[in-house]
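Reviewing the structure listed below.
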Number of protein chains: 4
Amino acid sequence: MDKKIIQLICPDQKGIISKLTSILYKTNHNILSIQQHIDKEKEKFYIRVSVDLKSEINFPEKELFDLNRNLNGEMYLFDSNEKINVAILGTKESEPIYDLLIKNKSSELKCNFPIIISNHINLSAVAKQFNVDFYKTENDKQLLEILEKNNIDLVVLARYMQIIPDYIVKLYKNNIINIHHGFLPAFKGSKPYHQAYNKGVKLVGATAHYVTSELDEGPIICQDTVQINHKHSINNIIQLGREIEKNVLYKAVKSHLDYKVIVHDNKTIIFD
Amino acid sequence: MDKKIIQLICPDQKGIISKLTSILYKTNHNILSIQQHIDKEKEKFYIRVSVDLKSEINFPEKELFDLNRNLNGEMYLFDSNEKINVAILGTKESEPIYDLLIKNKSSELKCNFPIIISNHINLSAVAKQFNVDFYKTENDKQLLEILEKNNIDLVVLARYMQIIPDYIVKLYKNNIINIHHGFLPAFKGSKPYHQAYNKGVKLVGATAHYVTSELDEGPIICQDTVQINHKHSINNIIQLGREIEKNVLYKAVKSHLDYKVIVHDNKTIIFD
Amino acid sequence: MDKKIIQLICPDQKGIISKLTSILYKTNHNILSIQQHIDKEKEKFYIRVSVDLKSEINFPEKELFDLNRNLNGEMYLFDSNEKINVAILGTKESEPIYDLLIKNKSSELKCNFPIIISNHINLSAVAKQFNVDFYKTENDKQLLEILEKNNIDLVVLARYMQIIPDYIVKLYKNNIINIHHGFLPAFKGSKPYHQAYNKGVKLVGATAHYVTSELDEGPIICQDTVQINHKHSINNIIQLGREIEKNVLYKAVKSHLDYKVIVHDNKTIIFD
Amino acid sequence: MDKKIIQLICPDQKGIISKLTSILYKTNHNILSIQQHIDKEKEKFYIRVSVDLKSEINFPEKELFDLNRNLNGEMYLFDSNEKINVAILGTKESEPIYDLLIKNKSSELKCNFPIIISNHINLSAVAKQFNVDFYKTENDKQLLEILEKNNIDLVVLARYMQIIPDYIVKLYKNNIINIHHGFLPAFKGSKPYHQAYNKGVKLVGATAHYVTSELDEGPIICQDTVQINHKHSINNIIQLGREIEKNVLYKAVKSHLDYKVIVHDNKTIIFD
């Protein structure tokens, strides 16, 4: 089904929903779902509306943007039918990459995965299995060139053990998703499972977040944990964590692709 | 904060949200939250709107009920400040009852618990600890008298091992919540943990549901499960299950008290 | 590390552990782990001992089997280094099969997956991607021939929508693992997600079990559930369930390959 | 059933299980359960054996301690029938305290809870409901006097917002359990839920640990987490966290009372 997704962020005030929905009603559009959130502290209003485009008479873009201006808001319109281009960056770990590609194949993730980029050659085999172009590079400039040449909209760091330079982070603001194999903010930086093992914690976790200039500090999209105990060696923990990592990454990418994420300040609203 | 809760069920059609919210906007009311659901198969629309009553000029009841008539719907209005009267019925198990009373004391559950009714004397001690009136009866007619005398709105069966007669079920339609200590529809009837143990399942669960004429078949509000293994004796399973039972019952009662449950056919919509 | 795994089942009696471990100690063997269980009702004793074979002087097989005879038990010896041959049978669903193959590739599952057998041609692409032989057949006799020709030890039904005939079930007793996409014993038979949806349950689950002559009634190895709600369509439930299915199947296969499963009557002991 | 629990920690070496179990077999004792763990890095061996005392001929204490000496180990013997004395310390929160008292009443927690100590008067009502002596004090010396006068073996800090002075911590080494309402090592110190809210994490957790001289750094016994999202206010998070806190504290206390915890270095082994 072809759908239009409206995301709107504005100062909280009376009448927003009424005004927004009456524009849609007057132009004969059917609302499929509506989800809103009010941040009382910040006095901010957030809404996501999904609209049926079956009856595509004329989507009232102008009226909506006029309303947005009156509300002093930020508005984004997305078309559910347009598949965006997603680049996967990895190092050696293949499981989260396999998971994304398999879910794309079975249409659970609706996007294009045209390229895998890595600083190692290992992942070329995975790329080949799924007919995805593979690029090996450790060079920032080359990385950016590849992303631009392939019209990449979203970058997914699937256990990519390199730092993305700041100028690329800024170009792809809120469009780079990283999976960190630790339950942030605990265990930042490298070898979080080793940190967890040494600390004797009874849970390990993973965190999918947007990448910002500050390492492992970007807005969190999804997190999960799994119970461990004294019987688990570091290797067992890595295996258990791998499951969590890929589930969390998948959910984060799915929320992003469904336009269910709104980033505000350094936090996220994830509509379900 | 004083809130008005609107629940509306009607055939799916264009403009419902626009019409409803414009009534609220025109009468200067602020929407705190809006949650809707469309059942595409049945072509039914469900909505729950929570409205700030700070500015209680005049809540537009008439306009809303007029709209409801035009939409061919069913509408319910609730006032978040009015505490309803809840009767707890139990037999011997005290944990789920303690949980409800403690959460009421700490204001997590906003209602009155004026009475505990039981077919055994055991629970009188619990009632006494929390200054709740206790009634011992096994007689249907007496049960109904007690409920009516105490103006009971909601009946909670907290491991009450008796059948509620059909005429009482009908009087309290969608207002009797039962906790069944099994993962329905598996393990209906008596001794579900024994059934689960003998079957060798690796999970046991609990189910909170509204009571209907058919035993353990009413609309499900909340369910959860917990892992078990060969090390667990029947007694261990009963203990583990007890935790699930009380959590599930608490969540179901809370959803009911927050007017977040809509029952349709034999299923529930639980807004979150 | 090369390990010997001892599984012993016998009537409960004094001195079993002492006798068993003294045989190992006298022959200079190091115990890596020991796990036992007593079923008090049935007065049965179950033990799994894992022994380091570094110092392979002479594993005391004869002494152990003599002890087993004295204890009136059943004993099994396994070698952790010998990889068994596992056949995957599927129909159209590819995700649980991908998961097994990927985990085999990364050495999380230590076995050989020489063949995929299906009644449909769809899965041949998956087989090709992972260099596994593919057989298409709907014929029982041919199925058995393929299994025997490839020296198959374990058969995994990864959403295989066909019934395995009884004579094959008996040949591979406790060596056929099926994943059922329902929380058994609820929702036996076909279309369990549709059954769950229509019933309005708040959880769906999956069950991995050994196949016996009775449909969906064999000893359960692993089960798990996931929360659903009114927002989930049948398709959403199928997607959510798919995750649970493959995790549960993977865990069951892993327990089997690690010789951590003991089947007794129609129940399992799963050492962890 | 009367049971003897043996805990033994010693350098890893061949024959430990054989020697230990043969002492029990020769004195005609029946082993109910045996659980061991090997820490390969530290080359340490840990074992917990539970022995049936039905046939109390003469428990071979001397032989066991002789063995312990030969193994260069640390050994502890516990009697499952002796109830230890547990003091509960709290401040204002009553839910985790209620939970311990209720579970004691229903015999899920087998110990004595003779006293509640608090720096506030609030909890005296809880103490009264369950016939427990209540002490109000903010004075260290008085605190220690109360503990000693009541022969307290284990101190449970159930959301006690005070620091226990170092000399008391040392006197009760590995016998003071604290519940921290954060997922340690993230969110140490005060107001962890506020820290979590501000950080925008998608999970909050709780940690039960033994108290050491370093704040929130003692060996972890049990942890758990619960999903949160943007809809949860600080108050909602506190309510959700409260459930996790009390479950985690209960499990930690239960493991301790069942002699299933071994502390080594700054980590725990929790047998199940």
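The values are calculated or read from the model by the stated rules, or taken from the named source; none is laboratory data. Because the structure is predicted, anything quoted here is derived from the model rather than measured. Cβ: placed from backbone, ideal geometry, glycine included. Neighbour counts: every protein chain shown. Side chains included, ligands, DNA and RNA excluded: accessible areas come from the protein's heavy atoms. Shrake-Rupley method; radii C 1.70, N 1.55, O 1.52, S 1.80 Å.
Structural remarks
- Among C:GLU93, C:GLU243, C:GLU148, the largest mean-square fluctuation in a Gaussian network model of chain C, built with springs joining Cα atoms closer than 10 Å, belongs to C:GLU148.
- Calculated mean residue ellipticity, 222 nm, chain B: -9500 deg cm²/dmol, from DSSP H runs (n ≥ 4) at -39500 (n - 2.57) each, averaged per residue and rounded to 500.
- Choice from C:ILE221, C:ILE23, C:ILE117 with maximal GNM fluctuation in chain C (Cα, 10 Å cutoff): C:ILE23
- Bridge type composition, chain D - antiparallel percent by DSSP, nearest 5: 70 percent
- In nanometers and ordered shortest first, the copy-to-copy spacing of the A:TYR167 label point, defined 7 Å from Cα toward Cβ, is 6.4, 7.4, 8.5.
- Positive end of the dipole of chain B (Cβ unit charges, origin at the Cα centre): among B:ALA206, B:GLN13, B:ILE220, the Cα lying farthest that way belongs to B:ALA206.
- Taken per residue, the accessible surface of the protein assembly as shown reaches 41 Å², heavy atoms only and a 1.4 Å probe.
- Pairs with C-alpha atoms separated by more than 20 Å, drawn from the list B:LYS199/D:LYS3; D:LYS149/D:LYS173; B:LYS231/C:LYS19; A:LYS40/B:LYS14, are B:LYS199/D:LYS3; B:LYS231/C:LYS19; A:LYS40/B:LYS14.
- Cα centroid separation, the range C:184-259 to the range B:1-79 (Å): 38 Å
- Contact order normalised by residue count of the range A:85-270, Cα under 8 Å, 6+ apart, percent: 19 percent
- Along each principal axis, Cα extent of the range D:3-79, largest first, Å: 39, 21, 19
- Considering only alpha-carbon pairs that sit under 8 angstrom and 6 or more positions apart, the relative contact order computed for the range D:3-79 is 49 percent.
- Choice from D:GLY189, D:GLY73, D:GLY200 with maximal GNM fluctuation in chain D (Cα, 10 Å cutoff): D:GLY200
- Interface area, chains D and B: about 1600 Å² of buried accessible surface, summed, with a 1.4 Å probe and ligands, DNA and RNA left out.
- Computed E for A:MET1/A:LYS251 - FRET, C-beta separation, R0 25 angstrom, nearest 0.05: 0.65
- Across all Cα atoms of the range C:75-207, the radius of gyration (one decimal) and Dmax (whole number) stand at 15.9, 48 Å.
- Radius 12 Å from Cβ of D:CYS222, net charge of other residues (Lys, Arg +1; Asp, Glu -1): +2
- Carbon + sulfur, % of accessible area of the range B:160-201 - ligands and nucleic acids excluded, 1.4 Å: 55 percent
- Charge dipole magnitude, Cβ of K and R +1, D and E -1 - chain B, Cα centre, debye nearest 20: 520 debye
- By Cβ position, the chain C residue that hugs the axis carrying C onto A most closely, with its distance in whole Å, is C:GLN129, 2.
- Subtracting the Cα-Cα distance of B:ALA125 and B:LYS231 from their residue separation scaled by 0.36 nm leaves 34.8 nm.
- What the Cα atoms of the range B:131-272 give is an Rg and a Dmax of 15.8, 49 Å.
- Of the residues in the range B:1-29, those shielded by at least 40 Å² of accessible area once partner protein chains are present, compared with the chain alone at a 1.4 Å probe, are B:LYS14, B:ILE17, B:SER18, B:TYR25.
- Coil-residue trypsin sites (Lys or Arg not before Pro) of the range A:1-73, DSSP, other Cβ within 10 Å capped at 15: A:LYS14, A:LYS40, A:LYS42, A:LYS54
- Charge dipole (chain A, unit charges on Cβ, about Cα centre) - positive-most of A:HIS232, A:LEU24, A:TYR76: A:HIS232
- Relative intensity, log₁₀ I(q)/I(0), of the range D:1-133 from a Debye sum that treats every alpha carbon as a point, q = 0.09, 0.13 Å⁻¹: -0.43, -0.71
- Expressed in Å, the radius of gyration and Dmax of the Cα atoms of chain C are 20.4, 63.
- Values of log10 I(q)/I(0) for the protein assembly as shown across q = 0.06, 0.07 Å⁻¹ run -0.52, -0.72, by the Debye formula with one identical scatterer at each alpha carbon and no solvent.
- Take each residue in D:194-205, count the other chain C-beta atoms within 10 Å of its C-beta, and the mean is 5.
- Membrane-span-like helices of chain B, defined as complete DSSP H segments with a Cα extent of 27 Å or more along the helix axis and a mean Kyte hydropathy of at least -1.0, are identified as B:234-257.
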